[in-house]
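Please read the structure below before turning to the comments.
Every number in this text was worked out from the coordinates using simple rules, so none of it is lab data. All values derive from a computational prediction rather than experimental measurement. Please note: Cβ atoms are built from the backbone with ideal geometry, for glycine as well, and neighbour counts cover all protein chains shown.
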Amino acid sequence: MGDKSLVINAEKLTIGPHEIERRWTWREGLIPRKPPSINFSNLPAHLHRYPCPFLCIAFVTFSAFLFHQIYSRSTPLISRGRKMSQEQVYTVVSDSDTTGEERSSAPFLEIAIGIDIGTSQCSLAVWNGSQVELIRNTRNQKLMKSYVTFRDESPVGGVSNQLSHEYEMLSGASVFNMKRLIGRIDTDPVVSQASKTLPFLIQTLGIGVRPFIAALVNNMWRSTTPEEVLAIYLVELKALAEVRLKRPVRNVVLTVPAAFSRFQLTRISRSCAMAGLHVLRLMPEPAAVALLYAQQQQQQQSLHDSGSERVALIFNMGAGYSDVAIIATAGGVSQMKGLAGSTIGGEDLLQNLMHHLLPDMDNLFVSRGVHELKSMGVLRVATQDAIHKLSSQPRVQIDVDLGNGMKICKTVDLREFEEVNKDVFDKCASLITRCLQDSKVKVEHIDDVILVGGCTNIPKVKTIVMGICKKTEVYSAINPLEAAVRGAALEGALAAGVNDPLGSLDLLTIQVSAHSIGIRAERDKFVPVLARNTTLPARREVVFTTAHDNQTEALIIVYEGDEEVVEKNHLLGYFKVVGIPLAPRGVPEINVCMDIDASNMLRVMAGVVMPGGHNPVVPPVEVRMPTADDGHGLSADVLNRSFGSTLDLVTLHNKMPHTHS
């Protein structure tokens, strides 16, 4: 394949004559520690936390330093005052080659940008000293398409690349929807559906491993991963920010959907490290909106000399995800009362309407040839355009020529569109209702309804939210497409230690967990230790016991989710507790403690105490989660088949969970 091939190995990803070098190093953590030699029954009260100036990546700590040059035929870049060229070369390398002394001597830059990488669009912003300012690209756009196109020379993304037409992004050479695909395994329904409707290659084996993804370049499939695509895109964002701000940029706050698992968060952090970015926070999108809302309420209350609390419901629906949050705000402090997330989004509306227009679409496009990809792209663009028009008009005419004699001529009205997507809209309503129930907030106590995300322009979505909340007007002081990135920029200023003499940054958001975290016990049952909507930081402990006589080992398998059956939740990791004294079943007490600190790092601890004793009989085990890697679906199946019955645990119902807030 020569220079035009894509070669992937442990050290290097080569794209044409240019390279993205990836040299990752395994590090146990920021601060090595020995297991605490303390009374295990009092362990939660004595746990000390890691110092957290940085957000720890739960699986492995990556750090990277970016070297980049952007070339054109006549003008090299980067230098102050020069325009960005469309032809760019990116090199992403790890800073593992530098010494620890060199890293420690590097100055900690105060500036931190906020990034909102949406499934379809992206934006970035920064605190300019007095307010949040959105950063525009060279085409003066605040919203940039989230995609990367692979070419002979080098990959280019939607930040700097100018598409001649929308169809160019759908030719097979472009990879998008990386936010929806990142950190997912091939048994995930989202991946399965995407493999049939996205105009690039997604191959699945259905065994719980990372799907194979590739872009079509010169009629040849070139493999990549969502993490690598996102890293390339982040490099462009970083270069744009540095040109606009005329200074180096390293620190970022990224918004993420509430539905993201911890494994997905580690993948986002890995992409940032590959791009030379240091993550200060991975912030749930509703939390970012809540911070922006808190600032606005603080300013209004200072003008009216009022400190009354206001309760708001935030509904965020973008192309890939939906989030709901109930917040109570007063004096610049916003406390989450409830948080819920889902993978439903505009992509589901699009796929449903595409299948409605062409029922046999999956069979027609199964070969993924050049013609099939072009036809799929044409149908996708037409369907997307129809959905946008239906947001402002009652019906739309769709005329599409798919080639080979296939044509679609159909009028779709708003009622038909809503009927086709009835299941999606019902899930939106259920998500809001569940969040209200979890927060224990009555609809009558809601003061403001905040709609965020492009899909909230759809009339049916707005009707559902306003109907449940029994409101007639939407909170209008927040731009639905800019709310998340503005909140991220505010958090970036706070995390970087920026002081504002006017008090505009005297803000705080108290967050809650979006998912329950627990372990597998009693065969296939999921037993939560940290329940959903627990205020963070938090620490909880549950006592288990052995399921068999003379059981000397116990397998702790940690999951995240809210389903009763463990297989439906996300595997985070596992470890064994060994050295349990010989005893009848139900006698040994196995204490499992979970701790989430202020940087959102999860630690799981387990130890064994015999009745009447106060000290653990064997040294306790402490593990930072997640530890599962790409094959975590396959790993879970093997674990359950190999050890599920012999190393099982049973909940001690007479032992009440210990709470340490």
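Which entries of Lys374/Lys460; Lys238/Lys462; Lys196/Lys427; Lys337/Lys576 have Cα-Cα distances beyond 28 Å here?
Lys374/Lys460; Lys238/Lys462; Lys337/Lys576, as the Cα separations exceed 28 Å there.
What ranking do Met605, Met361 get, fewest neighbouring Cβ atoms within 10 angstrom at the top?
Ascending number of Cβ neighbours within 10 Å: Met361, Met605.
Sort Trp127, Trp221 so that the residue with the fewest other Cβ atoms within 10 Å of its own Cβ comes first and the one with the most comes last.
The order, fewest Cβ neighbours first, is Trp221, Trp127.
Order 213-220, 269-276, 171-178 from most to least packed using the mean count of other Cβ atoms within 10 Å.
Averaged packing, sorted descending, gives the order 269-276, 171-178, 213-220.
What does the charge count near Val279 come to, summing +1 for each Lys or Arg and -1 for each Asp or Glu among other residues with Cβ under 11 Å from its Cβ?
+3
Sort 479-488, 280-289, 577-586, 595-604 by the packing proxy (mean of other Cβ within 10 Å over each peptide's residues), most packed first.
280-289, 479-488, 595-604, 577-586
Taking the C-alpha atoms of region 506-553, how large are the radius of gyration and the largest Cα-Cα span, Dmax, in Å?
According to the Cα coordinates of region 506-553, Rg and Dmax are 15.6, 57 Å.
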